[in-house]
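Notes follow once the structure below has been shown.
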Amino acid sequence: MRFMLMAAMASLVFTACATTRETRLYDALGGAPGVAKLVDAISAEYRDDARIGFLFEDTDQDYFKARLREQICAISDGGCEYTGLSMEEAHSGMDLSEAQFNDFVDASRRAMTKAGFAIGV
């Protein structure tokens, strides 16, 4: 379930930008500034969502955002190395339900729209 959250997030990012073979997804996202903008929007949307915001009450936002920037950079061919915990380790014991997973997907989609990324799903 925890891996599915990141897989869905990656899927949303990949569908957000149409790229050609010559264009890295990282570049299509706007490089480091674009990824930072996306991560800021995601972080705010997760915290502000009444259905999942409570899961972030004790989260170190600086750490969370830094690891999410790394992860998006790494999976979008930006040359970054993800240094955080595995998704399984990071989410162990959270016991997220399928409904909460869907809430994360919805919040991620809203964040992408607010950050100016077109979503084609």
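Number of residues in the stretch 70-121 that are surrounded by 15 or more Cβ atoms within 10 Å (Cβ to Cβ), of a type in the set (G, A, S) and free of Cβ contacts under 8 Å to residues at least 24 places away in the same chain equals 1. Look at (1) modelled with pLDDT of 95 or more; (2) surrounded by 15 or more Cβ atoms within 10 Å (Cβ to Cβ) and you find that V13 fails only one, number (1). Among the residues of the stretch 51-71, the one identified as of a type in the set (S, T, Y) and at pLDDT 95 or above is Y63.
Restricting attention to the stretch 52-86, which residues are outside any helix (DSSP H, G or I) and among the aromatic types (F, W, Y)? Break it down stepwise before answering.
Taking the stretch 52-86 first, the residues outside any helix (DSSP H, G or I) are 52, 57-60, 76-86.
Listed by number, the list holds a single entry, Y82.
Note on the stretch 84-109: residues that are touching an Asp or Glu at 6+ places or on another chain (Cβ under 6 Å) and modelled with pLDDT under 95 total 0.
The values are calculated or read from the model by the stated rules, or taken from the named source; none is laboratory data. All of these numbers come straight from a predicted model, not from anything done at the bench. Every residue, glycine as well, gets a Cβ built from its backbone with ideal geometry; the counts of neighbours run over all protein chains shown.
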